[in-house]
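Contents: one structure, followed by commentary.
The values are calculated or read from the model by the stated rules, or taken from the named source; none is laboratory data. The structure presented is a predicted model; accordingly, all values stated were derived computationally and were not measured. Neighbour counts run over all protein chains shown; Cβ positions are idealised from the backbone, glycine included. Surface areas here come from the heavy atoms of the whole protein model, side chains and all, with no ligands, DNA or RNA. Shrake-Rupley method; radii C 1.70, N 1.55, O 1.52, S 1.80 Å.
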Amino acid sequence: MTDSIAGSQGPGPRGLALRGSGRARAIDAAFRRGTLLAALAVIALLVLLFTVLVAQSWTVWSRYGIIEFLLGDTWAPSYVDP
């Protein structure tokens, strides 16, 4: 009796058995490293974006304070403090 379920053990396409072979382990390790590197790059870019945004808007934070800026009810972009 033969097993025709996909994913059963046996030779793959072109007669290559990749499961457990050295080539498969190397490809898997490279894929894991690549995806880890991509994930770390995304996190680094988010941290860099946050840092740049805070640095560029620091004058607003220092002048009005974080709480007043976020929760204040005054909107006057052309207001000049006398």
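Points to keep in mind about this one:
- Rounded to the nearest 10 Å², the accessible area of L37 at probe 1.4 Å: 120 Å²
- The modelled label-to-label distance between I67 and L36, using points 7 Å beyond Cα along the C-beta direction, is 4.4 nm.
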